[in-house]
Amino acid sequence: MYIDGKWVKAVSNESFPVINPANGQQIGSVPKGGAEDAKLAVDAAEKAFQTWSKMTADQRGHLLRRWYETILDNKQEIAETLVLEQGKPMKEALGEITYAASFVYWYAEEGKRVYGETIPASHPDKRILVLKQPVGVVAAITPWNFPAAMITRKVAPALAAGCTVVIKPAEQTPLTALKLAEAAELAGIPKGVVNVVTGEPAEIGDQLLKDSRVRKVTFTGSTEVGKHLMRKAADTVKKISLELGGHAPFIIFADANLDLAVQGVLQSKFRNSGQTCICTNRVYVEKSIASQFIEKLRDASEKLTVGYGLEPETEIGPLIDEDAYKKVESHIQDAVQKGGKIESGGKRLTEFEGGYFVKPTIISGATEDMKIMQEETFGPVAPVMEFEELEEVVKRANNTPYGLAAYAYTENLKTAVSIAEQLEYGIVGINDALPSVVQAPFGGFKESGIGREGGHFGIDEFLEIKYVSLKI
Ligand SMILES: NC(=O)c1ccc[n+]([C@@H]2O[C@H](COP(=O)([O-])OP(=O)(O)OC[C@H]3O[C@@H](n4cnc5c(N)ncnc54)[C@H](O)[C@@H]3O)[C@@H](O)[C@H]2O)c1
Ligand SMILES: O=C[C@H](O)CS(=O)(=O)O
């Protein structure tokens, strides 16, 4: 763990293994931190906040820019670590590191644009000044599917705003988090500004959530855990940002460019083996082109190369663990039992010993009562349903507690605008299956989250607004 600028063991002196999901082999071990370690990290962050928050935005920006550079200087090593503990293909891992670094680069500058206001007073002898100030110590709890980007998407704006951070990375992918901390240390970010505590999620989380010195919780993960943390945060009225689960509909109209739509489904469905929060979970295709679409999608998905992440030709890696596989398997079995047809894939590839690899799977004849049409699959399975009218498909697409990302492919401008405005989702891709960029506000409606990450929206999450009434 990295606490107060020191590389330390857990107070318990215990550690836990880090497993390669491609073969089940142990690739390392990290300290098994708990409540006491979390308290020590908050101690360090609180102490560092006193100086870090008083630096100028230029000074913080300069150090963030150096962090950006040290991340990219070590890109290959960090990417290899990420592949070994998360499983994604190397090309995706390199892409993630670039994406992760882009948040550090962007917020190195954005911190200099935290503007206040003056407001015309109602009394001639008063002046009203609006200030924006850093919220304080931040707890950042992050998932395993993007072990680098989900950290910098939080930590970069937090540091730029003048906050200090305690990071609790996912127990499946702690090594990447520690590599980012190494890069921060190399960049000269002062001790205590960035802290990483690895170990028992619930014990560490409970400690961070009950400590009144932690003024902000920023969480990315499942909706279930997000709700739990939201309840805990209430005890000390912490500010909270939640980036939670998704269940993206992918809607294809008859006037769409079909080849682009097929490419879009491949990109949105099978990136990270379907383990992204904005992955397509449901495909709706207009009835008149359904059979042609399914044939094209089946042929294209069967060309995807499944393999080990470090092998350059690999496009589809393993699922993170057995539980993830069991969920995917249950969604496939349930769909078939309810009348779905396996057009391609549908099974675990047993030639990869010790890893849970599932062949990209297309299911036609899906129905709304299937588990896969209601629960987040988080795996490489695409159920396809037909629709006939825009109003009908909008109603079906919105019929979910989730509201993170949605996609629609059409060449008709009126259809594009109409559906973009009616979809109840925080992110809508129109003919675009890869919408995520640093400058855009990433986040969800409904049970997909609270708050936004990215762009100028992302730094507001780490600022308090104060007004000064000046009587002269
Ligand atoms: N909206 C987004 O930006 C976004 C991005 C990535 C992943 N996700 C979602 O995350 C989920 C997959 O990630 P996951 O399996 O890591 O999610 P998860 O909720 O199981 O774990 C996320 C983090 O929370 C921690 N955690 C678990 N229980 C905790 C507790 N009781 N107290 C404190 N911390 C606890 C975990 O250790 C991990 O660090 C999916 O639902 C996916 O959609 C959302
Ligand atoms: O899984 C969650 C990530 O936010 C996906 S993305 O890389 O930001 O598109």
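The values are calculated or read from the model by the stated rules, or taken from the named source; none is laboratory data. Keep in mind that this is a model prediction, so the values were computed, not measured. Here Cβ is always computed from backbone atoms with ideal geometry, including for glycine, and neighbour counts include all displayed protein chains. For accessibility, only protein heavy atoms count, side chains too; no ligands or nucleic acids. Shrake-Rupley method; radii C 1.70, N 1.55, O 1.52, S 1.80 Å.
Quick rundown of the values:
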| quantity | calculated |
| --- | --- |
| Counted residues, segment 157-188 - those being within 14 Å of ligand 1 (Cβ to nearest atom) and either without any contact (Cβ under 8 Å) to a residue 24 or more places away in the chain or hydroxyl-bearing (Ser, Thr, Tyr) (or both) | 2 |
| Selected residue (criterion: surrounded by the fewest Cβ atoms within 10 Å (Cβ to Cβ)) from residues of segment 272-325 that are part of a strand (DSSP E or B) and within 16 Å of ligand 1 (Cβ to nearest atom) | ARG282 |
| Residue count, segment 140-174 (criterion: in contact with a Phe, Trp or Tyr (Cβ under 8 Å, 6 or more places away or on another chain), within 12 Å of ligand 2 (Cβ to nearest atom) and of a type in the set (D, E, K, R)) | 1 |
| Segment 196-216: number of residues that are surrounded by 17 or more Cβ atoms within 10 Å (Cβ to Cβ), part of a helix (DSSP H, G or I) and of a type in the set (Gly, Ala, Ser) | 1 |
| Residue within segment 172-179 that is more than 19 Å from ILE3 (Cα to Cα) and within 17 Å of the chain's Cα centre (by Cα) present | yes |
| Hey, LEU260 open to solvent by 10 Å² or more (accessible area, probe 1.4 Å), more than 10 Å from ligand 1 (Cβ to nearest atom), modelled with pLDDT of 95 or more and farther than 30 Å from THR280 by Cα or not | no |
| Sole residue being closer than 23 Å to GLY162 by Cα, open to solvent by less than 70 Å² (accessible area, probe 1.4 Å), within 11 Å of ligand 2 (Cβ to nearest atom) and part of a loop (DSSP other than H, G, I, E, B), chosen from ALA433, ALA440 | ALA440 |
| Hits in segment 411-432 - residues which are more than 16 Å from ligand 1 (Cβ to nearest atom) and either aliphatic (A, V, I, L, M) or out of contact with any Leu (no Cβ under 9 Å at 6 or more places or on another chain) (or both) | GLU411, ASN412, LEU413, LYS414, ALA416, VAL417, ILE419, ALA420, GLU421, LEU423, ILE430, ASP432 |
| Per-region count, segment 412-430, residues open to solvent by less than 60 Å² (accessible area, probe 1.4 Å) and assigned to a loop (DSSP other than H, G, I, E, B) | 3 |
| The listed residue being under 22 Å from the mean Cα position of the chain (by Cα), hydrophobic (A, V, I, L, M, F, W, C), part of a strand (DSSP E or B) and within 22 Å of PRO383 (Cα to Cα), out of PHE219, PHE250 | PHE250 |
| The lone exception for LYS232 - which of (1) within 10 Å of ligand 1 (Cβ to nearest atom); (2) open to solvent by less than 10 Å² (accessible area, probe 1.4 Å) it fails | (2) |
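A quick yes/no check of all residues on (1) touching a strand residue (DSSP E or B) at 6+ places or on another chain (Cβ under 7 Å); (2) touching a residue at least 12 places away in the same chain (Cβ under 8 Å); (3) aliphatic (A, V, I, L, M); (4) open to solvent by less than 10 Å² (accessible area, probe 1.4 Å):
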| residue | (1), (2), (3), (4) |
| --- | --- |
| ILE363 | yes, yes, yes, yes |
| GLU376 | yes, yes, no, no |
| PRO383 | yes, yes, no, yes |
| GLU386 | yes, yes, no, no |
| GLU391 | no, no, no, no |
| LYS395 | no, no, no, no |
| ASN398 | no, yes, no, no |
| PRO401 | no, yes, no, no |
| TYR407 | yes, yes, no, yes |
